[in-house]
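Everything below concerns the one structure shown next.
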Amino acid sequence: MFLSDMSGRKPLYRKAFVFFSSPIARELVMEIKKDAQVLPRIGALREMNLEYFTIDSQGFITNNERALVELFGDEENNRKAVACLNVMATRIATLFASLREFPFVRFRAAKSLDATTMTTFHDLIPTKLAAGVWDCLMKYKKTIPNFPQTETCELLIIDRTIDQIAPVIHEWTYDAMCRDLLNMEGNKYVHEVPSKTGGPPERKEVLLDDHDPIWLELRHAHIADASERLHEKMTNFISKNKAAQIQHGSRGSGEMSTRDLQKMVQALPQYSEQIDKLSLHVEIAGKINRIIRESGLRELGQLEQDLVFGDAGMKDVIKFFTTNEDTTRENKLRLLMILASIYPEKFEAEKGLNLMKVAKLTDEDAIAINNLRMLGGEPDTKTTSTSSFALKFDMHKVKKKRAARKDRSGEEDTWQLSRFYPIIEELIEKVSKNELSKLDYPCLNDPSPTFHGTTYAVPVTHNPPAHSMRSRRTPTWARPRGSDDGYSSDSVLKHASSDFKKMGQRIFIFIVGGATRSELRICHKLTGKLKREVILGSSSIDDPAQYITKLKMLTAQELSLDDLQI
């Protein structure tokens, strides 16, 4: 089609500038070059290496939506799995090609229980993907002009087995609550606005993305903090804006003077735009808070956090089910999935069936819980004895039944229900400090001594000094609200691009099988703390409902994503 458009005496276009997002076959290039009429009419013919999709300024996906199913399913034939990994490796490599970055490639090594246990394909997923990415990078070093010949950044490849709790626990930030509780399609939010003609309300679509400064400021804030800050913004805006004051009647109920009218007209364009943005987020936050209140999410969220940190156990879950029978089926299932990740032995045979009966869940729900076994157990619980005696002994302890996380709330200012953190937070910090176990996380290209030596560990003179690793952790939502720190809505866009130029070498972390909003938030948080841009990649980014649907498909591969609903 391209050749026919550009050939002949009267081509469709005077000049053609052609850019390929993926590598093009050499045969096709030769076909274009040998056409004497077309060749002079080509202004550009380039491969761009853009086989990935950005989800925000620090996140990307390879768009392998079925990766969890194809890689961790119970199908014996590994043909689909190998093809999936090959596509994924190519797409990850194009990211480094487009950014002109050459990474140290680390991956989570397969762990065998003992010498007699055979390593499975599932165990080797990060290993195989790392090898595939490495092969592509080696080709780029030879074929792409100006591609780095020495390492410029770090890449860590893990998979969804590293953390089974993060995909299902309730994350209490504004961004995560929007995805979890509202019926959003990607970044698109649909709401009703008053009709300009006086008719019924009209449906309006808006995008919650990096172009919205209020969204940028509040997306990683705790929902309670976001609500407070929105209220303050609306109050301050009305107090300072003449048109808003007049419309809201803050100047009294008398007739407007000519001066008042003049001031209102002058402020109207800015007023209309800003009040629309503020009103949108006030509406969204109000809807989220109403859902939280009506569905009793605070009590459920507290129990989830207590389970993760060892402050609650089986008895507390059973008590919750018997006293909160109106809890939604999805929320009960998510709670049991957290419990199963920490206490997998409690779901063996009849024990699991009894728990499902207490929760009044269906056989289809049981599939999701049973399929957790295909992703293995929580890595940090392996040292805890799971014998029946030890379990009974633990259950009689008042504190610390079995913790899936170390409590870090004392290290930073936190809001209620925000103690939870994904496992990748610890991993990224260890990468930055060069403390990852070389046995558990080997590197395909061993780092040179200078990479983590003094010349790198100390920031260059024009950089702000790095925070001590022992300093108090201050999440972005706890910063002073009046400060111009790059997180207030009037400054975040202004500083977004310039801040990264002052940072050290990038850290990339890729999760096979889907990432979560909480994991994306951690990458943004650690970027500021570590003074290194942390970029999250994954085969997909899933909200809890999507993850549970995919989990059910691990043993039902003849079904599609649309066939199973939680």
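The values are calculated or read from the model by the stated rules, or taken from the named source; none is laboratory data. The structure displayed is predicted, hence computed values, not measured ones. Note that we place each Cβ from the backbone using ideal geometry, even for glycine, and neighbour counts take in every protein chain shown. Areas reflect the complete protein model, heavy atoms only, side chains present, ligands, DNA and RNA absent. Shrake-Rupley method; radii C 1.70, N 1.55, O 1.52, S 1.80 Å.
Amide H contacts under 5 Å for Ile541: Ala515, restricted to partners 5 or more places along the chain or on a different chain, H placed in the peptide plane at 1.01 Å from N.
Can you give the percent of C-alpha pairs in the stretch 175-244 whose distance is more than 14 Å? More than 14 Å apart: 71 percent of the Cα pairs in the stretch 175-244.
The amide H of Ile55, built 1.01 Å from its N in the peptide plane, has Phe60, Ile61 as neighbours under 5 Å, considering only residues 5 or more places off or on other chains. Reported to the nearest whole Å, the Cα centre-to-centre distance from the stretch 168-232 to the stretch 523-548 is 20.
How much net charge surrounds Thr152 when only other residues with a Cβ under 10 Å from its Cβ are counted (Lys, Arg +1; Asp, Glu -1)? Residues close to Thr152 contribute a combined charge of -1. Counting only protein chain heavy atoms and rolling a 1.4 Å probe, the accessible areas of Asp365, Asp35 rank, largest first, as Asp35, Asp365.
Overall shape: oblate for the stretch 81-205, with the ratio a/c of the largest to smallest alpha carbon gyration tensor axis at 1.5 or above and b/c at least equal to a/b. Judged by the ratio a/c of the largest to the smallest principal axis of the C-alpha gyration tensor, the stretch 82-142 counts as prolate, that ratio being 1.5 or greater while a/b is larger than b/c. Proximity of backbone amide H atoms, modeled 1.01 Å from N, is registered between Cys153 and Phe102, Phe104 at under 5 Å, excluding neighbours fewer than 5 places apart on the same chain.
Taking a 27 Å limit on the Cα-Cα distance, which of the listed pairs Lys139/Lys188; Lys111/Lys550; Lys438/Lys552; Lys287/Lys531 fall beyond it? Can you show the working numbers first?
On the way: Lys139/Lys188 38 Å; Lys111/Lys550 25 Å; Lys438/Lys552 34 Å; Lys287/Lys531 36 Å.
In this structure, Lys139/Lys188; Lys438/Lys552; Lys287/Lys531 exceed 27 Å between Cα atoms.
Calculated from the alpha-carbon coordinates, the stretch 45-134 shows an Rg and a Dmax of 15.1, 55 Å respectively.
On the accessible surface of the stretch 57-148, probed at 1.4 Å, how many percent belong to carbon and sulfur atoms?
Accessible surface attributable to carbon and sulfur in the stretch 57-148 totals 53 percent.
Listed peptides 275-286, 44-55, 167-178, 521-532 appear in the order 167-178, 521-532, 275-286, 44-55 once ranked by packing, highest mean of other Cβ atoms within 10 Å at the front. Summed over the residues of the stretch 99-161 and divided among them, the accessible surface reaches 48 Å² per residue at a probe radius of 1.4 Å.
In order along the stretch 214-230, phi translates into HN-Hα couplings of 5, 4, 4, 6, 9, 4, 9, 7, 4, 4, 5, 5, 4, 5, 4, 5, 5 Hz, rounded to whole numbers, per the Karplus curve 6.51 cos²θ - 1.76 cosθ + 1.60 with θ = phi - 60° and x for Gly and Pro. For the stretch 138-153, backbone phi angles converted through the Karplus equation (6.51, -1.76, 1.60; θ = phi - 60°) give residue-by-residue couplings of 5, 5, 4, 4, 8, 10, 9, x, 6, 6, x, 9, 10, 5, 10, 7 Hz, Gly and Pro being listed as x. Positive contributions from Lys and Arg (+1) and negative ones from Asp and Glu (-1), summed over other residues with Cβ under 11 Å from the Cβ of Arg66, come out at 0.
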